[in-house]
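The values are calculated or read from the model by the stated rules, or taken from the named source; none is laboratory data. Given the structure is predicted, the values throughout are model-derived calculations rather than measurements. Every residue, glycine among them, receives a Cβ derived from its backbone with ideal geometry; neighbour counts consider all protein chains shown.
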Amino acid sequence: MATLTTDRRSGKIAGYNVQWYDGKKRFTIHLGSKTYAKKTAERFKDIVEALLFYRRNGITTPEKTVENWLQNAPVELRAKLAKADLLVVDEAKTCQQLWEAFLKFKSAEIKLKTVKGYQESRLRFFEVFLPEEPIEKITAVLNWAVDQDWLTKSPAHEIPRGSFRNREYDRFIRWRSMLNCWTLVPIRNGGRLLHWRGLAACVVLQNCNSYDGKDVNWAQNRFLVYSPKTERHVNHATRLVPLFDELRQELERLFDGNASEYVVQSHQGTAWSLYEPLQEIAKRAGLGRIKCPFRNMRRSRSNEVVRRWGETKESLWIGHTADVMERHYRQLTDEDYAKAAGEVTR
């Protein structure tokens, strides 16, 4: 039989003591009042009594309510029970062990570039958590650890999932507006000149996985795009995309011997950033500052393709489903409102 007493210091409740005697030794588990309420302490006493009963009677399978409590109990309370020899607790896996196993598991199925990204995340992770920290004490996403039976559930299982739909910085950017930006005088970035004319062409060739144009079918006006992110799915490793007239013009400029103008090609293998230089050029072109410029350019092109050729072709050419287009790319423009207003006033 366990007892619960109140621990008072200077007239104030400092905590609660759960005590029992096993015939040879008296045990005491202290629960601080700042961490545990009296109701929790009372429930903990009941659990101790149940575990003592199981031990005396050789019961190895606890009642469902006791089992659920033990599975959901804080790590500290489970450790206290283990120290009192009332509970067998498996050795806690550490953050270091988790990362080593996770990277070994992932490196066999993902691209080298993604592995490097995980390594960078690992470095940032250990800026916050200690390598020897038990993984049960962290609140990061640990679903993988659950799948591997390292944990019975993720410590973050009750944390609501955030939304991936952030449309705060949506902005429609016309193709011609971007061409106006790219034809401006190049600017310096870290001592290098950034030539923006033909950026679209170089992105095309980069998606084709080469810069020699072998995947561009000039006769049929189409090019082959490689998709590393979806190649593990059947028939999703590549897709054919029309060589839109605007892109063809830029590609022809490249293969006419003007490769030095192309920012992506001329800075391959170097450490460079396009974001801030683009902001300066956009400002010169009268567009102001563009938040999330490359995401908005992709979204704008997707909307233009939808309006001209429909949702099915947009999904096949741009490389995402109609549902993704609807949730993340669909965008209204000034022309949409003007057209609707014109129809209303007729």
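Condition (residue is at pLDDT 80 or above and in contact with a Pro (Cβ under 8 Å, 6 or more places away or on another chain)) applied to region 321-342: is it met by at least one residue? No, the conditions are met nowhere in region 321-342.
Examine region 13-36 for a residue that is in a helix (DSSP H, G or I) and among the charged types (D, E, K, R), and state whether such a residue exists. There is no residue in region 13-36 that is in a helix (DSSP H, G or I) and among the charged types (D, E, K, R).
Does A259 satisfy the condition of being under 28 Å from the mean Cα position of the chain (by Cα), in the same structural domain as T321 (by TED's automatic domain parsing) and at pLDDT below 60?
No: the conditions fail for A259.
Kindly establish whether A50 is of a type in the set (G, A, S) and modelled with pLDDT of 90 or more. The answer is yes for A50. Tallying residues that are without any contact (Cβ under 8 Å) to a residue 12 or more places away in the chain and of a type in the set (A, V, I, L, M) within region 43-72 yields 1. Counting only residues that are touching a Lys or Arg at 6+ places or on another chain (Cβ under 9 Å) and of a type outside the set (V, I, T), region 303-313 holds 2 of them. Out of curiosity, is Y275 at pLDDT below 80, surrounded by 15 or more Cβ atoms within 10 Å (Cβ to Cβ) and out of contact with any Phe, Trp or Tyr (no Cβ under 7 Å at 6 or more places or on another chain)? The answer is no for Y275.
Does T35 fit the bill of being surrounded by fewer than 16 Cβ atoms within 10 Å (Cβ to Cβ) and over 30 Å from F125 (Cα atoms)? Against the criterion (surrounded by fewer than 16 Cβ atoms within 10 Å (Cβ to Cβ) and over 30 Å from F125 (Cα atoms)), T35 does not qualify. If you check G288 against the conditions, is it within 20 Å of D170 (Cβ to Cβ), without any contact (Cβ under 8 Å) to a residue 40 or more places away in the chain and not hydroxyl-bearing (S, T, Y)? Taking the combined requirement at face value, the residue satisfies it.
Say whether the condition of being at pLDDT 70 or above, surrounded by fewer than 17 Cβ atoms within 10 Å (Cβ to Cβ), in the same structural domain as I290 (by TED's automatic domain parsing) and over 25 Å from N296 (Cβ atoms) is met by at least one residue in region 190-199. It would help to see each step written out before you state the result.
Here is the first cut: in region 190-199, the ones at pLDDT 70 or above are none.
Checked region 190-199: no residue is at pLDDT 70 or above, surrounded by fewer than 17 Cβ atoms within 10 Å (Cβ to Cβ), in the same structural domain as I290 (by TED's automatic domain parsing) and over 25 Å from N296 (Cβ atoms).
Scanning region 289-317 for residues that are part of a loop (DSSP other than H, G, I, E, B) and of a type in the set (D, E, K, R) turns up R289, K291.
So, restricting to helices (runs of 4 or more DSSP H) that lie completely within region 64-135, which ones have at least 2 residues that are over 30 Å from V48 (Cβ atoms) and in contact with a Phe, Trp or Tyr (Cβ under 8 Å, 6 or more places away or on another chain)?
Numbers: elements: 64-72, 75-83, 95-106, 112-125.
Counting at least 2 such residues, we get 95-106, 112-125.
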